[in-house]
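Throughout, read-outs are computed from the coordinates displayed, never taken from laboratory work. Being a predicted model, the structure only gives us computed values, none of them experimental. Here the Cβ positions follow ideal geometry from the backbone for every residue, glycine too, while neighbour counts run over all protein chains shown.
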Amino acid sequence: DTTAPEAPTVNPVHKGVKTITGTADPGSTVTVTFPDGRTASGTADEDGNFVIIIPTGEELKGGDHIGVTATDADGHISP
């Protein structure tokens with residue numbers, strides 16, 4: 001397999017939420033990079049749904065950008 005997974009789809013994130021949710025290729029590792037450079041990861045379930053817990057002390061504000069990628073079992077990283 002030489003194909004990277006599709007980019008994850010992220011549900012809207014609002015101030016005060018404690019999780020980031022969305023969909024990605026089933027079984028892929030989803031990594032979120034926060035504005036301060038910290039990361040958090042989780043695995044998309046068999047239906048492709050993922051839930052990433054926002055680290056303690058990380059507060060997202062309007063206009064903040066996060067990076068979200070999916071990595072498949074072969075190590076290919078999505079755009």
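Some points to look at:
- Scanning region 27-36 for residues that are more than 15 Å from Gly57 (Cα to Cα) and either touching a His at 6+ places or on another chain (Cβ under 7 Å) or surrounded by fewer than 16 Cβ atoms within 10 Å (Cβ to Cβ) (or both) yields a single hit, Gly27.
- Residue, surrounded by the most Cβ atoms within 10 Å (Cβ to Cβ), within region 37-70, restricted to residues that are small (Gly, Ala, Ser) and touching a Phe, Trp or Tyr at 6+ places or on another chain (Cβ under 6 Å): Ala44
- 3 or more residues in contact (Cβ under 8 Å) with a residue 40 or more places away in the chain and under 14 Å from the mean Cα position of the chain (by Cα): qualifying strands (runs of 3 or more DSSP E) within the chain: 29-33, 67-71
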